[in-house]
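Scroll down for the structure; my scribbles are underneath it.
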Ligand SMILES: [Zn+2]
């Protein structure tokens, strides 16, 4: 055995510890580095994703699971942020290929269960398509089982309701999380209500219509919504609850045998 802690955080483990863990499930966070208004740092999505995945993997392993945290990808899709400086980005096809390569490398280790945790809204459509591309490369039951959740989607309703002002970017939710995770990086004097603009064409406002919103039109300050009621307490409750939810997913996946129709029951 080893003397180091079996946290499951790959970047902090030795080769002996990784061999001893013999992971059953691998978790891969995919985030972004892009502007988050005058009050939050570019790394906001990456800090949040890393924190949620780290806590989820640590908790699952404390409960006896064998989960491994892969290094978090800090660059994603940001084609709609070009009006802002240094919104880091790679193309849709490149992100898809990076994720497919990582999935393949994990499969080559003999791992059959992979969880992607997305931390950036601009990545969602690409990652969903990537799951289908991966499935298409294997016959039925071939390749690893890959599923995806997100660090915001994993927040249970009760904790989500702590957030009084809705925003999908750099609003009360992300500001609260950063006040908990990296308060030193939050410019508290800059907290404000940042404008969120709807399209002028009314029929484009419906949820079932999709287009790529140029972010300088949607959120001219790069952040949107009221942020002045953000707090570290809300951020901690939300971050912990999301980590707990993902930990439970990992524990369930860890314990489930890979059988014929996984994850569905055998034909009756
Ligand atoms: Zn963000």
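The values are calculated or read from the model by the stated rules, or taken from the named source; none is laboratory data. Small disclaimer: the values here were computed from a predicted structure and weren't measured. In this analysis, Cβ positions are derived from the backbone assuming ideal geometry, glycine residues included, and neighbour counts consider all displayed protein chains.
Values computed for the structure shown
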| read-out | value |
| --- | --- |
| Test: residue in segment 15-23 that is at pLDDT 95 or above, part of a loop (DSSP other than H, G, I, E, B) and within 15 Å of the ligand (Cβ to nearest atom) | no |
| Residue that is farthest from the ligand (Cβ to nearest atom) [pool: residues in segment 31-41 that are under 20 Å from residue 196 (Cβ atoms) and assigned to a loop (DSSP other than H, G, I, E, B)] | 38 |
| Counted residues, segment 29-49 - those being crowded, with 23+ Cβ neighbours inside 10 Å and under 20 Å from residue 98 (Cα atoms) | 8 |
| Single condition residue 170 does not satisfy, out of (1) in contact with a strand residue (DSSP E or B) (Cβ under 6 Å, 6 or more places away or on another chain); (2) closer than 22 Å to residue 93 by Cβ; (3) within 16 Å of the ligand (Cβ to nearest atom) | (2) |
| Qualifying residue in segment 50-63 (condition: at pLDDT 95 or above, more than 10 Å from the chain's Cα centre (by Cα) and more than 22 Å from residue 156 (Cα to Cα)) | no |
| Residue 59 being at negative phi and away from the ligand (no atom under 15 Å from the Cβ) | yes |
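One line per residue, one yes/no per condition, for (1) in a helix (DSSP H, G or I); (2) buried (at least 19 other Cβ atoms within 10 Å of the Cβ); (3) on the phi < 0 side of the Ramachandran plot; (4) within 16 Å of the ligand (Cβ to nearest atom):
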{"residue": "85", "(1), (2), (3), (4)": "no, no, yes, no"}
{"residue": "94", "(1), (2), (3), (4)": "yes, no, yes, no"}
{"residue": "99", "(1), (2), (3), (4)": "yes, yes, yes, no"}
{"residue": "104", "(1), (2), (3), (4)": "yes, no, yes, no"}
{"residue": "125", "(1), (2), (3), (4)": "yes, no, yes, no"}
{"residue": "135", "(1), (2), (3), (4)": "yes, no, yes, no"}
{"residue": "138", "(1), (2), (3), (4)": "no, no, yes, no"}
{"residue": "142", "(1), (2), (3), (4)": "no, no, yes, no"}
